[in-house]
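Here the structure is laid out as structure tokens; the discussion comes afterwards.
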Amino acid sequence: MKTIFTIFSLLVFSIISAVNSCPPSDRAALLAFKAALHEPYLGIFNSWTGTDCCRNWYGVSCDQETYRVADINLRGESEDPIFERAHRTGFMTGFISPEICKLARLSSITIADWKGISGEIPKCITGLPFLRILDLIGNRISGEIPADIGRLERLTVLNVADNQLTGRIPVSLTNLSNLMHLDLRNNKISGPIPSRAGDLNMLSRALLSGNQITESIPASLCKIYRLADLDLSVNKISGLIPPCFGKMAVLATLNLDCNMLTGSIPATLLTSAIGNLNLSRNALGGNIPDVFGPSSYFTVIDLSHNKFKGLVPRSLSAASYIGHLDLSYNHLCGRIPAGAPFDHLEASSFMYNDCLCGKPLRAC
């Protein structure tokens, strides 16, 4: 009788263990994903053994109710003890296998900062209905962003910065109504910003610098009420700066430097909520609007390397705060106003203009 009870107990335990572990299909998909990668220094995949991929597999997390794989979190730069013991950051080669798409309940994919992972973003990723985070920053991934990326209706983070992506920003990306963080920096993406970018109504950060984006800035971006950080620097963007940027309620950082922008500075930018404004290295011209006032609070305002002419605005002295100001390499002329903030600025802020004078430059 005792033997029968023992056998029964073992049978029940084995059934419970099987129910409370990842299904064989998820385990097989993870092992196929691992087989396409080579990590020679840290041994992060050494823990990927046994039948239960929900238990102690490095970087793998499962849903507590369904026991399906929900998260893959593999970062090449981490404070994890594995990295501390090795005294180095991670390096991994290979590619992201399409087998990852068989993990149908994935909520987040983070395969970041491994420096050597190449290949393309598997197109089948757009068929993962629960995906909220796709973070592939810091690899050597090439090809294009999948054209139907807009199918990922729950996506909140898309970070593919510091790779070798080409092609255009897919028009379907504007369907991602839950997207909060978009980071495409330092790739080879070309073509225009989609005209319907303003449909990304939950977006708070849009970082697109260091690409080959062309054409003008769509004014629809001003419709994004939550947008706080917009970086379009180091591209080939032309045309005018939309005046409506100065009317955005929470826009705090606007980096448009190193483009081909023309026209004048919209006066609204200088009295807005923007505190970090970089318009340097464009072809902007005309006078700098003399509209600064108590609502002007700039930690950085960089207007250097443009074609501005006329006087240094006297109203700068009425601003609440001016931390760093750079007006160098323009065609400004006349006396530099006295008093704050000019009394704490260095000569480099005013160098290489046509005929500026007064402290901190030569006397008039």
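Observations
- Normalised radius of gyration (Cα atoms, divided by 2.2 N^0.38 Å) for region 57-170: 1.07.
- Under a Gaussian network description of the chain, with springs only between Cα atoms under 10 Å, the residue in Q212, Q164, Q64 that fluctuates furthest is Q64.
- Across region 218-323, the volume of the C-alpha convex hull divided among the residues equals 82 Å³ per residue.
- Per-pair calculated FRET efficiency, R0 = 30 Å: S216 and K123 via Cβ, rounded to 0.05: 0.50
- No Cys partner within the rule (Cβ under 4.7 Å), the chain: C258
- Debye, to nearest 20: dipole size of region 82-202, +1 on Lys, Arg Cβ, -1 on Asp, Glu Cβ: 100 debye
- From helices alone, the chain scores -3000 deg cm²/dmol at 222 nm; the rule is -39500 (n - 2.57) for each run of n ≥ 4 DSSP H residues, then divide by the residue total.
- In the context of the full set of protein chains, the chain has a per residue accessible area of 46 Å² (1.4 Å probe).
- Average Cα contact separation per residue, region 118-220, under 8 Å, 6 or more apart, as relative contact order %: 23 percent
- Inter-label distance, N73 to R196: 3.4 nm, where each label sits 7 Å from its Cα along the C-beta direction.
- Here the mean projected area of the convex hull built on the C-alpha positions of the chain is 22.3 nm².
- The chain - percent relative contact order, Cα under 8 Å, separation 6 or more: 7 percent
- Candidates I82, I117, I96: whichever shows maximal mean-square fluctuation once the chain is modelled as a Gaussian network with Cα springs under 10 Å: I82
- Take the Cβ atoms of Q64 and A363, set R0 to 56 Å, and the FRET efficiency comes out at 0.15.
- Whole-number D in µm²/s for region 140-252 (Stokes-Einstein; Kirkwood sum over Cα pairs; 10 °C, 1.306 mPa s): 114 µm²/s
- In this Cβ point-charge picture (+1 for Lys and Arg, -1 for Asp and Glu), the chain has a dipole of about 340 debye about its Cα centre.
- Normalising the average separation of contacting C-alpha pairs (under 8 angstrom, six or more residues apart) by the number of residues puts the relative contact order of region 227-284 at 39 percent.
- Region 199-358 - percent of accessible surface contributed by carbon and sulfur, probe 1.4 Å: 55 percent
- The C-alpha atoms of the chain define a longest principal axis, and helix 2-19 lies at about 30 degrees to it.
- Computed label-point distance, nm, for sites R154 and S320 using a 7 Å Cα→Cβ extension: 4.0 nm
The values are calculated or read from the model by the stated rules, or taken from the named source; none is laboratory data. None of these values were measured; they are calculated from a predicted model. All Cβ positions, even for glycine, are placed from backbone atoms using ideal geometry, and neighbour counts span all protein chains on display. To get the accessible areas, we keep the full protein, side chains included, count just its heavy atoms, and leave off ligands, DNA and RNA. Shrake-Rupley method; radii C 1.70, N 1.55, O 1.52, S 1.80 Å.
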